[in-house]
Amino acid sequence: MSSSSKPKIWVQSDKLVHRILADLHATKKKKSRVILRMLPVTGTCKAFQEDIVKYLTTFLEPWFKTPNSGTYQIAFKARNSTHNKRDDIIKAIAGVVGTLNPKNKVDLTKPELTIIVEVIKAVCCLSVVKDYALYRKYNVQEVGKEDTATPDGTTEQTDTSTAELKEAHDAEGATKEDAKKEEATKEEAKKSEEDNDDNNVPEDDKEVDEDEGYGKPRAATQAGKEGKERKEGKEGKEEMSPSPPMCY
């Protein structure tokens with residue numbers, strides 16, 4: 001019984017992904033509608049700080065061990081994992097890089113190399129890539145966008161996430177402003193309506209009280225008149241009634 005095996009082709013994922021992104025950056029032609037980000041994985045270990053530090057001690061040697069050196073940044077992200085704290089992992093990795101060569105420096109603006117640390121549950125995926133900032137954090141859709149011209153003559157790409165956040169913030173501010181204007185308009189309309197109601201009351205429904213100097217409703221005034229007339233009539237009857245004979 002004979003068996004045959006197909007030849008295997010081993011690909012360096014970091015170089016392959018970098019070449020794909022370089023082509024997208026140069027041609028600006030999108031070749032995929034479903035791929036968002038391409039992150040190469042060139043090493044894996046257990047997702048515990050001790051295991052990560054131990055593995056990186058040898059894993060990072062090709063890029064950072066003397067005589068090699070360069071500027072770098074650390075991109076850490078954890079999914080479905082809560083036992084690793086971001087700051088602790090970054091400090092531990094920076095300590096490893098500094099031990100390999102003291103000339104290695106941190107640069108968060110335009111680093112030469114980026115150490116990618118992706119924790120997924122109990123597995124840590126590692127890689128070291130170039131041009132991480134230039135290729136929009138290896139975002140395929142962003143790299144394929146056309147550059148926009150700036151006033152100083154240079155070109156830059158618009159960050160979709162930043163633009164969306166700004167647009168959402170502006171929309172929220174505009175909504176709040178419109179709500180305030182609408183509320184103010186309602187208050188003015190209500191006040192104007194109340195003023196019109198006061199001005200439209202017929203004069204016949206008001207009578208001026210000469211003693212107090214302000215208008216009273218006609219119903220209240222009429223009731224006061226009737227009570228006054230009853231009182232005066234009663235007093236008149238008392239005056240007209242004959243006085244009893246006087247006995248001496």
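The values are calculated or read from the model by the stated rules, or taken from the named source; none is laboratory data. Here the structure is a predicted model, which means the values were calculated and not measured. Every residue, glycine among them, receives a Cβ derived from its backbone with ideal geometry; neighbour counts consider all protein chains shown.
Numbers below:
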read-out	value
Hits in the stretch 16-38 (condition: in a loop (DSSP other than H, G, I, E, B) and either of a type in the set (D, E, K, R) or exposed (fewer than 13 other Cβ atoms within 10 Å of the Cβ) (or both))	28, 29, 30, 31, 32, 33, 34, 35, 36
Positions within the stretch 84-121 being without any contact (Cβ under 8 Å) to a residue 12 or more places away in the chain, among the charged types (D, E, K, R) and not in a loop (DSSP other than H, G, I, E, B), in sequence order	86, 87, 91
Failed criterion for residue 50 (all others in (1) closer than 18 Å to residue 122 by Cα; (2) without any contact (Cβ under 8 Å) to a residue 40 or more places away in the chain; (3) surrounded by 12 or more Cβ atoms within 10 Å (Cβ to Cβ) hold)	(3)
Residue in the stretch 64-83 that is under 16 Å from residue 123 (Cα atoms), in a loop (DSSP other than H, G, I, E, B), of a type in the set (Gly, Ala, Ser) and touching a residue at least 40 places away in the same chain (Cβ under 8 Å) present	yes
Hits in the stretch 26-41 (condition: of a type outside the set (Ser, Thr, Tyr) and within 29 Å of residue 124 (Cα to Cα))	33, 34, 35, 36, 37, 38, 39, 40, 41
Checklist (1) among the polar types (S, T, N, Q); (2) exposed (fewer than 15 other Cβ atoms within 10 Å of the Cβ); (3) under 35 Å from the mean Cα position of the chain (by Cα) applied to residue 57, failing item	(3)
Check on residue 133, within 18 Å of residue 71 (Cα to Cα), touching a Ser or Thr at 6+ places or on another chain (Cβ under 8 Å) and at pLDDT below 95	yes
